Amino acid sequence: QVQLVESGGGLVQDGGSLRVSCAASGRAFNISAIAWFRQAPGKGREFVAHIQWSGTTGYADSVKGRFTISRDGAKSLVYMQMKRLKHEDTAIYYCAERDNTYSSRSVADYSYWGRGTQVTVSN
């Protein structure tokens, strides 16, 4: 059974940086597409960034230029470096894996999810 585990969340001041990680157990990511989503209190889960097996990446407009997603295929790890964090970035961040080489921005297209890691940006 595929399990995804996020780590690296925490509390940071406005303008600060964090790096969150996603690790897979049970099998390697291999050719899967991986994405990060986030959910703020009282809001729906929203797309943040994705990376395809080819290395092609995509970002939500709200984080473009501030967040960078990358993967280490050999270690089955996906990272997301977050810089110039804002209070509105506060949310639980979830890693998701899709059974497809191509990414998607839709929650429904991802089969496997981690439990999330909390990112809190203080004013």
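Computed values, structure above
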| quantity | calculated |
| --- | --- |
| Output for region 58-75, where each listed residue is surrounded by fewer than 16 Cβ atoms within 10 Å (Cβ to Cβ) and under 18 Å from ALA24 (Cβ atoms) | SER70, ASP72, GLY73, ALA74, LYS75 |
| Single residue of PHE47, PHE37 found to be in contact (Cβ under 8 Å) with a residue 24 or more places away in the chain, surrounded by fewer than 22 Cβ atoms within 10 Å (Cβ to Cβ), under 25 Å from LEU11 (Cβ atoms) and not aliphatic (A, V, I, L, M) | PHE47 |
| Which numbered condition ARG84 misses (of (1) at pLDDT below 95; (2) surrounded by fewer than 15 Cβ atoms within 10 Å (Cβ to Cβ)) | (1) |
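The values are calculated or read from the model by the stated rules, or taken from the named source; none is laboratory data. Bear in mind that the values here come from a model prediction, so they are computed numbers and not experimental data. Note that each Cβ is placed from the backbone with ideal geometry, even for glycine, and that neighbours are counted across all protein chains shown.
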